[in-house]
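Notes follow once the structure below has been shown.
Bear in mind that the values in this text are calculations on the coordinates, not laboratory data. Just so you know, these numbers come straight off a predicted model, no measurement behind them.
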């Protein structure tokens, strides 16, 4: 007998569409192996009626980026009274927005790199240049505020390249975050749970490129996931606790991934949180789960259970 009826939402319109399709295919396969009554739907070109017609017990959101990870689909499903996986409307919107995330991290006293915010409608990058050089310094990291998978992210090492990178980032978003570059070890931490959370083993990330960019993330041979991370156990415990603080501060549920950089003095800084991290064959969350003795199918089953736990508006 088949279990709950689950609809996997995937694809969509964002720059991360192809990655989402891969995540969705992997999830759908796992759900079928787990005997769920599962089907997939590409959000691109899909009507709200198509979701309603399927009448799922749960929507497994395998979308990444805008119009999927940013609270929009979550809000739609809330209105429809359909349970779904991952974080809710507010935490999804905050986690997707690097500006809001940075502000909350600062308020909570969670270490993150020094930063400045530029708005296309209010900012003249030329006028801001000297302030950025003085307060942020070179090298600096320039990021589009609401993109994932390192899309619209640039590391700038020379003054002559700053304005060009800002303009390139503005092609993706109306807000840009300029951060102090921290040279160090990059690690990522997966947190799973609703009211009670579990932190999976940390992963150290090395990249063949200058940083862990889109190509590195999704091209075989371009990155390494090292488990356990090659850092002292005491530091691993500190990062795990910080991960849970970030998760709780943003208000996440289900599962999320928190990325860190550890500077030369052994101090961890939060880079960002990803409230719908990838579930492809090269993704970090499934690797962390395997290191904890959790198979991919068990991970998917756990995420489904956490989604069904959350209260939902009655249809």
The answer for the per residue Cα convex hull volume of region 5-86, in Å³, is 73
Please give the helix 233-250 orientation as an angle from the longest Cα principal axis of the chain, in degrees from 0 to 90, rounded to the nearest 10. 70
Most fluctuating of 264, 180, 241 in the GNM of the chain (C-alpha, under 10 Å) is 264
May I ask for the angle, rounded to the nearest 10°, between helix 125-135 and the longest principal axis of the chain, with both axes built from Cα atoms and the value confined to 0 to 90°? 80
From the list [x] 20.0; [y] 21.8; [z] 19.0, can you say which value of Kirkwood radius over Cα pairs in Å was derived from the structure given? [x]
Cα long-axis angle, helix 98-108 against the chain (0 to 90 degrees, to the nearest 10): 80
Highest-MSF residue in the chain out of 245, 127, 257 [GNM, Cα springs under 10 Å]: 127
What residue among 228, 286, 277 shows peak mean-square fluctuation when the chain is described by a Gaussian network model with Cα springs under 10 Å? 228
Using only alpha carbon pairs under 8 Å that are at least six residues apart, calculate the relative contact order of the chain and give it in whole percent. 21
Please compute, over every Cα-Cα pair in region 224-315, the percentage with a separation greater than 21 angstrom. 39
In deg cm²/dmol, rounded to the nearest 500, the helical mean residue ellipticity at 222 nm of the chain, built from -39500 (n - 2.57) for every DSSP H run of length 4 or more, is -11000 deg cm²/dmol
Sort region 115-180 into rounded, prolate or oblate with this rule: let a ≥ b ≥ c be the square roots of the eigenvalues of the Cα gyration tensor; rounded if a/c is under 1.5, and if a/c is not under 1.5, prolate when a/b is larger than b/c, oblate otherwise. oblate
